[in-house]
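The values are calculated or read from the model by the stated rules, or taken from the named source; none is laboratory data. Just so it is clear, the structure is predicted and the values come from calculations on it, not from any experiment. Here the Cβ is made from the backbone with ideal geometry for all residues, glycine too, and neighbour counts use every protein chain on show. Keep in mind that these areas ignore ligands, DNA and RNA; they rest on the heavy atoms of the full protein, side chains included. Shrake-Rupley method; radii C 1.70, N 1.55, O 1.52, S 1.80 Å.
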Amino acid sequence: MTEQITPKTNFIRDIIDEHNRTGRFGGRVHTRFPPEPNGYLHIGHCKALCIDFGIAEDYGGLTNLRYDDTNPVKEDEEYVDAIKEDIHWLGFDWGDREYYASDYFEQLYDMAVQLIRKGKAYVDDLSAEEMREYRGTLTEPGKESPWRNRSVEENLDLFSRMRAGEFADGTKTLRAKIDMSSPNMNMRDPVMYRILHTSHHRTGDAWCIYPMYDFAHGQSDSIEGITHSMCSLEYENHRPLYDWFLDELEIFHPQQIEFARLNLTHTVMSKRKLRKLVEGGYVDGWTDPRMPTLAAMRRIGYPPTAIRKFIEMVGVAKNENFVEIELLEHVVRDELNLTVPRRMAVLRPLKVILDNYPEDKTENFEVPDYPQNPENTDTRQVPFGREIWIEQEDFMEEPAPKYFRLAPGREVRLMNAYLITATRVEKDEKGQVIAVHCTYDPETRGGSAPDGRKVKGTIHWVSAAHAAEAEIRLYGHLFEDEFPEDLPEGEVFTDHVNPNSLEVLSGCKLEPSLAHAGVGESFQFVRNGYFTLDKPSFEDGKRVFNRTISLVDTWAKMQK
RNA sequence: UGGGGCAUGGUGCAAUGGCAGCACACCGGACUUUGAAUCCGUUGAUCCUGGUUCGAAUCCAAGUGCCCCAGCCA
């Protein structure tokens, strides 16, 4: 089995240990996982998920699930269920602590009023464009809004009328009164509330003003008693604001801690781009096997334990990183190797005829299901006959150096069956090999010779008389490495979908036992890729398989 | 060029003043009923310069490089 990972130290644990030493939170560790319900969770979110839940678990603390649903124009109920399913699939649980930032809209409103009363917030009439001009630049300070010094009474009145729906979208905002010349752009009077006459997936039309992330997140953490609020690096510049609101409001003050998000080679992680793929019909939804979503990984048979192990191996730090997809695949394969049964399937079939095998004889071989796992000795019966299918690439008429598989005059082992020797080939009018004639050695039943002679090659096979027919879809990575930052529209966009990411092979030959396997079952493939039965399981009366990149990689290695 | 952050083999993560280590990848070998897997091994790194120290990846100083911030997104 996979080796135990030694518990890693990381800077987050150092911070928490320090808090525990000083007693800042009374030894309590309470985290939250705060997805915005605007898409499916992908492997990148998984890192945050594992950190939020994992750290709390390690310290005997709790983790809340909290949807950061402060922007109704982007969010949808469809995603909240999908997110919950993914979290549970990974084996994490938030108990009954399922919260929504929108649960706090009333409290947040009261807090805003409180800040207005303190003279720390004001209603601004600047348009979005004007606000941008007033904000200044990275190197030049901003200017104060002409509306910045309205009286508390006027601000109170205007803000309540904003809530009442008197003003159109974009005509007014509520802003924090901080410092227009701050070198940190987030402190230049950030917007707290904007007007959005849009109905919200949970609060419906109860509100037409919605809090910004910065005005909602810290207070939500505070309300829930979160002690450690982990987020990605880009929020570092927001921490002063996170702290400012909490301090001005004089409420419980959690600690925000930032870490580097996960980047994976060959993998598009931007939710915006993934969404565009789905909406543009470039893929078959969020669970398309080519997507990096957890739902897609579940569909193609990645074990959740392997994904968690992968995240653990990646570690946590503040360095910008690009983890190689090979690590993920290694971890997944490592587990699948022991846990899913092995089967034989021929993707690109070539007929082999055993000339000295009785015409209508059939026999069964007992074959181990888990040859790699000494603790599981399950076997199955695999039928064998005079005509069999082998992989086209397992035969070379003129073998290359170091090629150990079948060639004229050469003896190889049919895995778990017999040793066979190629005698002659049959070709069509174009000179293509359409069948290979062989002789088998009846003394080698099971694949070993009584005289002890060895063969260098072993190949897989499927009995022609018993084979199940299938169309198999080979899924690889969806994208080329270079994916445009600004996603182009229409035709141009398709240029960036890797054509090799989906290869459909028809006429594949499968072991008969696979013909009865059910949707969702995973199998180790004969050359150590693997595949998962997927729906739709039948198309035009043929079973359809989806499988993952692992096989493609293995295949690519075999070719070179 | 304002502010914030980060620099350790190809990649990711450790080492918190004391022999720079682990995993993946790569290469080589062994073994094998697939050339996969497994096992073993090799190569390979502290951004630069100076300083403190018996001793620096670690502390100090000055550089260099990369990332983030000018949404009424999160």
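When chain A is described by a simple charge dipole with +1 on each Lys and Arg Cβ and -1 on each Asp and Glu Cβ, the residue from A:SER220, A:TRP461, A:MET187 located farthest towards its positive end is A:TRP461.
Here the spin labels are modelled as points 7 Å beyond Cα on the Cα-Cβ line, and at A:HIS330 and A:ASP451 they lie 4.4 nm apart.
With a Förster radius of 25 Å, plug the Cβ-Cβ distance of A:GLU234 and A:ASP125 into 1/(1 + (r/R0)^6) and report the FRET value to the nearest 0.05. Please list the in-between numbers first.
Details: r = 30 Å, r/R0 = 1.20.
Here the calculated transfer efficiency is 0.25.
Between A:LEU338 and A:ARG132, the contour length at 0.36 nm per residue exceeds the alpha carbon distance by 68.4 nm. Value of Rg to Rh for segment A:97-205, rounded to two decimals, is 0.99; Kirkwood radius and Rg both from alpha-carbon coordinates.
Label-to-label distance for A:ASP441 and A:THR198 is 7.3 nm, based on points extended 7 Å past Cα in the beta-carbon direction.
Surface analysis of segment A:277-429 yields an accessible area of 45 Å² per residue, using protein heavy atoms and a 1.4 Å probe.
Per the Debye formula on identical point scatterers at the alpha carbon atoms of segment A:349-445, with no solvent, log10 I(q)/I(0) at q = 0.10, 0.15 Å⁻¹ is -0.31, -0.66. So how far, in whole Å, is the C-alpha centre of segment A:41-108 from the one of segment A:122-149? Cα centroid to Cα centroid, the span is 35 Å. Here each label is just a point 7 Å from Cα along the line to Cβ, and for A:GLU85 and A:ASP284 those points are 1.6 nm apart.
Can you work out the accessible area per residue across segment A:230-272, with the rest of the protein chains kept in place, probe 1.4 Å, in square angstrom? Write down the numbers at each step before the final one.
Working: 1740 Å² over 43 residues.
Dividing the accessible area of segment A:230-272 by its residue count gives 40 Å².
For chain A, adding -39500 (n - 2.57) for each run of n ≥ 4 DSSP H residues and dividing by the number of residues yields -8500 deg cm²/dmol at 222 nm.
Count the net charge of all other residues whose Cβ sits under 12 Å from the Cβ of A:LEU277, scoring Lys and Arg as +1 and Asp and Glu as -1.
Working: positive: A:LYS271, A:ARG272, A:LYS273, A:ARG275, A:LYS276, A:ARG290; negative: A:GLU279, A:ASP284, A:ASP288.
So the surrounding residues net to +3.
Could you sort out which of A:LYS74/A:LYS120; A:LYS351/A:LYS427; A:LYS351/A:LYS509; A:LYS74/A:LYS177; A:LYS120/A:LYS172 sit more than 20 Å apart by Cα distance in this structure? List each step's numbers first, then the result.
Numbers: A:LYS74/A:LYS120 29 Å; A:LYS351/A:LYS427 11 Å; A:LYS351/A:LYS509 11 Å; A:LYS74/A:LYS177 28 Å; A:LYS120/A:LYS172 17 Å.
Cα-Cα > 20 Å for A:LYS74/A:LYS120; A:LYS74/A:LYS177; rest within.
The shape of segment A:384-423 can be summarised by an equivalent ellipsoid whose semi-axes, obtained from the alpha carbon gyration tensor, come to 18, 10, 10 Å from longest to shortest.
Which length gain, in nm to one decimal place, applies between A:GLU387 and A:ARG272 when the Cα-Cα distance is subtracted from 0.36 nm times their residue separation? Mind showing how you got there, number by number?
Details: separation 115, 0.36 × 115 = 41.40 nm, distance 5.22 nm.
Length gained between A:GLU387 and A:ARG272: 36.2 nm.
Taking 0.36 nm per residue of sequence separation and removing the Cα-Cα distance, the A:LYS427/A:GLU106 pair yields an extension gain of 107.6 nm.
Could you order the peptides A:455-461, A:363-369 from most to least packed, using the average number of other C-beta atoms within 10 Å per residue? Please list the in-between numbers first.
Values: A:455-461: 18.6, A:363-369: 15.1.
Going by the mean number of other Cβ atoms within 10 Å, highest first, we get A:455-461, A:363-369.
Express the Stokes-Einstein translational diffusion coefficient of segment A:281-440 in µm² s⁻¹, to the nearest whole number, given a Kirkwood radius over alpha-carbon pairs, 4 °C and a viscosity of 1.567 mPa s.
Numbers: Rh = 19.6 Å.
D, rounded to a whole number, is 66 µm²/s.
Say R0 is 41 Å: what FRET efficiency, to the nearest 0.05, do A:GLU78 and A:ILE15 get from their beta-carbon distance? Efficiency computed from Cβ-Cβ geometry: 0.70.
Rounded to 0.05, the FRET efficiency of the A:THR305 and A:ASN263 pair, given R0 = 22 Å and the Cβ-Cβ distance, is 0.45.
Only beta bridges with both residues in chain A are counted; by DSSP, about 65 percent of them are antiparallel. Only Lys, Arg, Asp and Glu carry charge here, each on its Cβ (+1 for the first two, -1 for the last two); on that basis chain A has a dipole of about 1160 debye about its Cα centre. Computed over neighbours whose Cβ is under 12 Å from that of A:PHE310, the net charge equals -2, Lys and Arg +1, Asp and Glu -1. Couplings 3J(HN,Hα) for segment A:102-109, derived from phi with the Karplus relation 6.51 cos²θ - 1.76 cosθ + 1.60 (θ = phi - 60°), are 5, 5, 9, 3, 5, 5, 5, 4 Hz, where x marks Gly and Pro. The Cα trace of segment A:57-116 gives Rg and Dmax of 14.6, 44 Å, the first to one decimal, the second as a whole number.
Treating only the Cβ of Lys, Arg, Asp and Glu as charged (+1, +1, -1, -1), what charge dipole size does segment A:252-300 show about its Cα centre? Round to the nearest 20 debye.
Numbers: 9 positive and 4 negative charges, 14 e Å.
So the dipole magnitude of segment A:252-300 works out to roughly 60 debye.
In segment A:397-442, Cα pairs under 8 Å separated by at least six residues give a relative contact order of 28 percent. Volume per residue for chain A equals 194 cubic angstrom (convex hull of Cα atoms). The peptide list A:398-411, A:222-235, A:263-276, put in order of mean Cβ contacts within 10 Å with the highest first, becomes A:222-235, A:263-276, A:398-411. Neighbours of A:HIS238, meaning other residues whose beta-carbon lies under 10 angstrom from its beta-carbon, give a summed charge of -4 when Lys and Arg score +1 and Asp and Glu score -1.
Hand me the GluC sites (Glu not before Pro) from segment A:268-340 located in a DSSP loop with no more than 16 other Cβ atoms within 10 Å, in residue order please. Present the calculation step by step, with values, prior to reporting the outcome.
Numbers: sites: A:GLU279, A:GLU312, A:GLU320, A:GLU324, A:GLU326, A:GLU329, A:GLU335; in loops: A:GLU320, A:GLU324.
Here the GluC sites (Glu not before Pro) that fit, given the DSSP loop and packing criteria, are A:GLU320, A:GLU324.
Using Cβ point charges alone (K and R +1, D and E -1), the dipole size of segment A:212-297 about the Cα centre works out to roughly 740 debye.
Accessible area of chain A with a 1.4 Å probe: how many percent of it is carbon plus sulfur? Don't skip to the end; give the middle numbers.
Values: 11880 of 25100 Å².
The value for chain A is 47 percent carbon and sulfur by accessible area.
At q = 0.12, 0.21 Å⁻¹, what log₁₀ I(q)/I(0) does segment A:175-278 have when each alpha carbon counts as one equal point scatterer in the Debye sum? Log-scaled intensity ratios, in q order: -0.56, -1.17.
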